[in-house]
Structures are given as C-alpha cells and as structure tokens.
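Below is one structure, written out as structure tokens, with a few remarks after it.
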Amino acid sequence: MMQLSFVRRSALAALVAVVGLAMASCAGEPAEGAAPPETAQVAPEDQGGADDADGDGGAFTEEELEGRLVSSFPADVPLYDGEVLSSLAVLSESADRPEWNATIGTGDAIDAVDASIRDAYSTGGWEIRTDMKLGAGAQLIAHSAAYIVSITYMDSGGVTINYGVSPK
C-alpha cells in the first residue's frame, strides 16, 4: 500500500510537470500527422483517443484505474511493454483539455528500458527535447505533432516508468 501511495504521488507530480510544460511549450508547431512508433504498446480494451476530447469536454470521461490503462489514453503515445500499475484521465482545470497519466512497472534492466524508450521517442514523428539524468533513471520530455509527453523512469528494485501526456 505504501508503494502505491508513492506511485500516485509520482504520477501526480509528473502530470503537474507536463501541464506546466504544455502551457509553456511552443505553439504553432507543424500539424503533421505522426505515424505511431514501431515499439511495444500497451493496448487498452477500448481506445477513445484524443478525438473524443477536443478541448471542450465532449465525450471525454475522467477516470482513474489500477492495473489497466484508461480507455481514452492516446493510442499513438508509445508505452513500454510492462505491467500497467495505474492510469488516469482528467480534464485540466486551467485549460479544460484532456490529460493522461500512466505508470508502468517492469523487472527489465534499466539500460534496456532506457534504450527502448529513447528509441520509441526518437522516431515516428517524436522528438526528445529535454533529457535529464536522475540517478538510476531519467526524465525525458518528448514532443510529437499532437502531444507532449513527460517520461520519468527510475530503478529502485524494479523499474517504474511514469508517463504524463498533454495534447498540444
């Protein structure tokens, strides 16, 4: 239970960081369609995607789940192939836009996780714009034509990866 509380606090911190970055990010970038990266994906049962949430609250549903991905998580945001620990879909209070968070756990080595994430967010229309080392892990901020994603991963007896996603 103590670990879940830490995961939730980490997820919230990453989500807050993404919101701040999204608000301060460059507007007016090219609206090119980004092809999904060729990487392992965690597939939710029912993909709603950002089309359901056009910024006005449309059909977007806020939800928080443990053990699986929320249905509206964008299908074109690559996730490491691991166990979904928790996920969240909320409307931003400041912009009334959808935001997502997913926490993935894996027993894979941190070097393998790092290489896979960097590869997934360096191809298929994605670009890593911020890269910070965090002890036995990293925090990356990646952009595509449609999304800004904050990815934080650490090795503390198993690798935990947290994704905070905001539409541009």
Report summary line: Taking every other residue with Cβ under 12 Å from the Cβ of Gly158 and scoring Lys and Arg +1, Asp and Glu -1, one gets -3
Query raised in the report: Accessible area of Val159, 1.4 Å probe, to the nearest 10 Å²?
Result: 0 Å²
Query raised in the report: Taking a ≥ b ≥ c as the square roots of the eigenvalues of the Cα gyration tensor of segment 74-128, is the shape rounded (a/c under 1.5), prolate (a/b larger than b/c) or oblate?
Result: oblate
Query raised in the report: How large is the accessible surface per residue of segment 71-137, computed with a 1.4 Å probe and reported in Å² as a whole number?
Result: 43 Å²
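The values are calculated or read from the model by the stated rules, or taken from the named source; none is laboratory data. Please read these numbers as outputs of a predicted model, since none were measured by experiment. FYI the Cβ positions are ideal-geometry reconstructions off the backbone, even for glycines, and counts take in every protein chain you see. Just so you know, the surface numbers come from the protein's heavy atoms only, side chains and all, with ligands and any DNA or RNA stripped out. Shrake-Rupley method; radii C 1.70, N 1.55, O 1.52, S 1.80 Å.
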